[in-house]
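Everything below concerns the one structure shown next.
The values are calculated or read from the model by the stated rules, or taken from the named source; none is laboratory data. None of the values given here were measured: they were computed from a predicted structure. In this analysis, Cβ positions are derived from the backbone assuming ideal geometry, glycine residues included, and neighbour counts consider all displayed protein chains. When the accessible area is computed, the model is the full protein with side chains, heavy atoms only, and any ligands, DNA or RNA have been set aside. Shrake-Rupley method; radii C 1.70, N 1.55, O 1.52, S 1.80 Å.
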Amino acid sequence: MAIYAIGDIQGCYAEFRRLLDQIKFDPGHDQLWLAGDLVNRGPHSLETLRFVRGLGGAAITVLGNHDMHLLATVILQVKSSKKDTLQHILKAPDCQELIHWLRQQPLFYYNEQFCMLHAGLPPQWDFALTRKLALETEQAMQGVDYLDFFKAMYGNQPNIWRDDLPKTERLRFAVNCFTRLRFCTAAGELDFSSKGAPGSQPAGYLPWFAVPGRQSLDMRIIFGHWSTLGFYQGFNCYSIDTGCLWGGQLTALKLADEPQRISIDCQASQNPLEFD
């Protein structure tokens, strides 16, 4: 069985299917690991959701910030942004079925060799704490009180980890790490204002994976979310969001002792300058 990790699709369904053809993906024998952000900004989010759901156990997806945004939009019944491309999902006859399925997906996934999440980890979290907080957050999101979870999900505070954070703040911090993090200080103070490549961040901040002595350094982590970083391999991490939406590439990483990158070129669906 081959396992392929694929970066942010964001509704670029045609490119997704073309990449699957390129790697000769066989759902009867192979497995996909999808690094989150299945939806939004691209033209075919509905088709992407339906297809991935239809793959059953042949596809594992972790939730990204755009996936969480879709869930909150439907569950809280709020108006979507003018920059969103979620209308086909919101109007689909199977919208509630898709939302229920998406809400059951994890924030963190792993096997014996690799771990996958959408964005990043603060320097204080090791594997055990990462797994614990992911499970706690997933249980809140999937449980009977999930409406309360989504009502409290948004916000940039707290921006640094403490073991004694109250539950609501702990879950919000966890969601922000798993789905939004790019830069933080050496002490773990999160920054959500910077979206550029490493080197563009404010003084005192580092890419989360480059913080000296972070407790997750022994984990081989696959992540997306960071199209301005692009493909990157270092610090025991693999960044695989290569900007398909913006006219870059869609990337699959064949997971093995020596991972193999397979990418296809993409036509831009959006102009990044319109989202600064």
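Looking at the stretch 152-197, which of its residues are of a type in the set (S, T, N, Q) and either under 21 Å from TYR238 (Cα atoms) or at pLDDT below 95 (or both)? Walk me through it before giving the result.
Of the residues in the stretch 152-197, the ones of a type in the set (S, T, N, Q) are 156-157, 159, 168, 176, 179, 185, 193-194.
Matches in the stretch 152-197: ASN176, THR179, THR185, SER193, SER194.
Residues in the stretch 9-35 that are open to solvent by 20 Å² or more (accessible area, probe 1.4 Å) and in contact with a Leu (Cβ under 6 Å, 6 or more places away or on another chain): GLU15, PRO27.
The condition of being free of Cβ contacts under 8 Å to residues at least 12 places away in the same chain and crowded, with 16+ Cβ neighbours inside 10 Å holds for TYR232. I'd like the full set of residues that are touching a Phe, Trp or Tyr at 6+ places or on another chain (Cβ under 7 Å), aliphatic (A, V, I, L, M) and touching a residue at least 12 places away in the same chain (Cβ under 8 Å), limited to the stretch 137-166. Selection gives ALA140, MET141. Looking only at the stretch 25-78, residues that are over 22 Å from GLN96 (Cβ atoms) and either part of a helix (DSSP H, G or I) or among the acidic types (Asp, Glu) (or both) come to 4 in all. Within the option set ALA134, ALA140, ALA174, being within 18 Å of LEU76 (Cβ to Cβ), open to solvent by less than 30 Å² (accessible area, probe 1.4 Å) and either assigned to a loop (DSSP other than H, G, I, E, B) or of a type in the set (Gly, Ala, Ser) (or both) holds for one residue only, ALA140. The sole residue among ILE75, ILE6, ILE60 that is within 28 Å of ASN176 (Cβ to Cβ), in contact (Cβ under 8 Å) with a residue 40 or more places away in the chain and open to solvent by less than 10 Å² (accessible area, probe 1.4 Å) is ILE6.
Go through the residues of the stretch 214-223 one by one and say whether even a single one is out of contact with any helix residue (DSSP H, G or I) (no Cβ under 8 Å at 6 or more places or on another chain), basic (Lys, Arg), without any contact (Cβ under 8 Å) to a residue 40 or more places away in the chain and under 30 Å from PHE149 (Cβ atoms). Looking through the stretch 214-223, none of the residues is out of contact with any helix residue (DSSP H, G or I) (no Cβ under 8 Å at 6 or more places or on another chain), basic (Lys, Arg), without any contact (Cβ under 8 Å) to a residue 40 or more places away in the chain and under 30 Å from PHE149 (Cβ atoms). Listed by first and then second residue, the pairs with beta-carbon distance under 9 Å, at least 6 apart or on different chains, first residue in the stretch 121-136 and farther than 15 Å from TRP161 by Cα, second modelled with pLDDT of 95 or more and surrounded by fewer than 16 Cβ atoms within 10 Å (Cβ to Cβ), are PHE127/ASP218; GLU136/LYS167.
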